[in-house]
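A.B. asks: Pasting a structure here, questions to come.
The values are calculated or read from the model by the stated rules, or taken from the named source; none is laboratory data. Keep in mind it's a predicted model, so treat the numbers as computed, not measured. Counting neighbours? That spans all protein chains shown, and the Cβs are built from the backbone with ideal geometry, glycine included.
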Amino acid sequence: MNSDLEVSALAINVTIPESLRWTDTRRGEEFTLTTLNVRLLPDGHLAVKAYGRPVAGGRGAYVSFPVPDEPELAALVSEAAGRAAGMWAAHRGLG
């Protein structure tokens, strides 16, 4: 194995359940946030961004937003990280 190999982050994408979705505005356009991108950084911290599409529809950009400090969203991130760890362990024959 190459000891110079550098992993900059591990990432998972999580669909936000309908009951936890919210809207936010960027440049005067309203977006519905539907996905979380959770990254495990090399220092062990998590970085989380929410992504969504314009409420008005169309082919608008998929834009990132900060995630509100809400206990339900923190629980979703924690559950998703645990699920991803379990999937990785099973993939590696560890689970």
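A.B. asks: Inspect the stretch 59-68 for any residue being touching a Leu at 6+ places or on another chain (Cβ under 8 Å) and closer than 26 Å to Glu6 by Cβ and give the result as yes or no.
C.D. replies: No, because not a single residue in the stretch 59-68 is touching a Leu at 6+ places or on another chain (Cβ under 8 Å) and closer than 26 Å to Glu6 by Cβ.
A.B. asks: Out of the stretch 19-45, which residues are part of a strand (DSSP E or B) and closer than 30 Å to Val7 by Cα?
C.D. replies: The answer is Leu33, Thr34, Thr35, Leu36, Asn37, Val38, Arg39, Leu40.
A.B. asks: Still on this structure: Within the stretch 4-54, track down each residue that is among the hydrophobic types (A, V, I, L, M, F, W, C) and modelled with pLDDT under 90.
C.D. replies: The first filter runs over the stretch 4-54 and keeps only residues among the hydrophobic types (A, V, I, L, M, F, W, C), leaving 5, 7, 9-12, 14, 16, 20, 22, 31, 33, 36, 38, 40-41, 46-48, 50.
Result: Leu5, Val7, Ala9, Leu10, Leu40, Leu41, Leu46.
A.B. asks: Would you please name the residue that is farthest from the chain's Cα centre (by Cα), looking only at residues in the stretch 46-82 that are assigned to a strand (DSSP E or B) and over 11 Å from Thr35 (Cα atoms)?
C.D. replies: Pro54
A.B. asks: Going through the stretch 27-40 one residue at a time, which ones are surrounded by 12 or more Cβ atoms within 10 Å (Cβ to Cβ) and farther than 15 Å from Pro68 by Cα?
C.D. replies: Glu29, Glu30, Arg39, Leu40
A.B. asks: Given the criteria out of contact with any strand residue (DSSP E or B) (no Cβ under 7 Å at 6 or more places or on another chain) and among the aromatic types (Phe, Trp, Tyr), does Trp22 qualify?
C.D. replies: When the stated conditions are applied, Trp22 does not pass them.
A.B. asks: Within 26 Å of Glu6 (Cβ to Cβ), exposed (fewer than 11 other Cβ atoms within 10 Å of the Cβ) and free of Cβ contacts under 8 Å to residues at least 12 places away in the same chain - does that describe any residue in the stretch 71-88?
C.D. replies: Yes - at least one qualifying residue is present in the stretch 71-88.
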